[in-house]
Amino acid sequence: MTITPERAKKFDFSDPYFDASQALITKKGAGYADLAALKGKKLGVQQSTTGEEYAKKNGEGVELVQFEDSGLQLAALASGKVDAVINDNGLLFEHARTHPEFEVTTEFETGEKYGIGVKKDNKELLKVINDVLAKAKKDGTYDEIYKKWFPAAR
């Protein structure tokens, strides 16, 4: 999950393992290159996520439509109920790769990072997770896994 100060109050996080950002996906050729182009249009956001927070702060004049999960967001885009969707870049690049009728038109460099959340003060588990992550990065396993699950990531 994305490491945020608010979430860090409830969880301890592993070392970051993925640099994430928010991205915008549209139907191919729709012409929405950024949030400003969506003024007066509908943008699908996943509720209680960093994408929703970003859209609220930066999407002046854009109508935000909340969804419980990314699958519902993307279904709404496919059916025309929303004009675009904002969510994590890895998810949206993969969706566009496997559904060529869509395209990621931009990324918003938010500086977000993913970490593995564990129960507060479970230092033993956190150490094991961080050791495994460090080993995987050092021996190349991390790169293999990344290429397998995020082949469209830039």
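Structural remarks
- Dividing the C-alpha radius of gyration of region 86-154 by 2.2 N^0.38 Å, with N its residue count, gives 1.40.
- The chain: relative contact order in percent, alpha carbon pairs under 8 Å with at least 6 residues between: 38
- Considering only alpha-carbon pairs that sit under 8 angstrom and 6 or more positions apart, the relative contact order computed for region 86-154 is 46 percent.
- Expressed as a whole percent, the accessible area of region 1-41 that falls on carbon and sulfur atoms is 53 (1.4 Å probe).
- Semi-axes of the equivalent ellipsoid for region 42-108, Cα gyration tensor, largest first, Å: 18, 13, 11
- Distribution of pairwise C-alpha distances over region 2-61, 5 Å bins, in %: 4, 14, 22, 21, 15, 10, 8, 5, 1
- Kyte-Doolittle mean at least -0.5 and Cα axial length at least 15 Å: DSSP H helices in the chain: 123-139
- Rolling a 1.4 angstrom probe over region 96-143 with all protein chains present gives an accessible area of which 55% lies on carbon and sulfur atoms.
- For region 56-154, the list of chymotrypsin sites (Phe, Trp or Tyr not before Pro) that fall in a loop by DSSP and count at most 15 other C-beta atoms within 10 angstrom is empty.
- For the chain, adding -39500 (n - 2.57) for each run of n ≥ 4 DSSP H residues and dividing by the number of residues yields -11000 deg cm²/dmol at 222 nm.
- The Rg/Rh ratio for the chain, using Cα coordinates for both the radius of gyration and the Kirkwood hydrodynamic radius, is 1.02.
- Counting only residues at least eight positions apart within a chain, or on another chain, the lysines with an alpha carbon under 20 Å from that of K39 are K27, K28, K56, K57, K81.
- Restricting the calculation to Cα atoms, every distinct pair contributes to the Kirkwood radius of region 32-80, found to be 10.9 Å.
The values are calculated or read from the model by the stated rules, or taken from the named source; none is laboratory data. Everything numeric in this text was worked out from a predicted model, so none of it was measured. Here the Cβ is made from the backbone with ideal geometry for all residues, glycine too, and neighbour counts use every protein chain on show. Just so you know, the surface numbers come from the protein's heavy atoms only, side chains and all, with ligands and any DNA or RNA stripped out. Shrake-Rupley method; radii C 1.70, N 1.55, O 1.52, S 1.80 Å.
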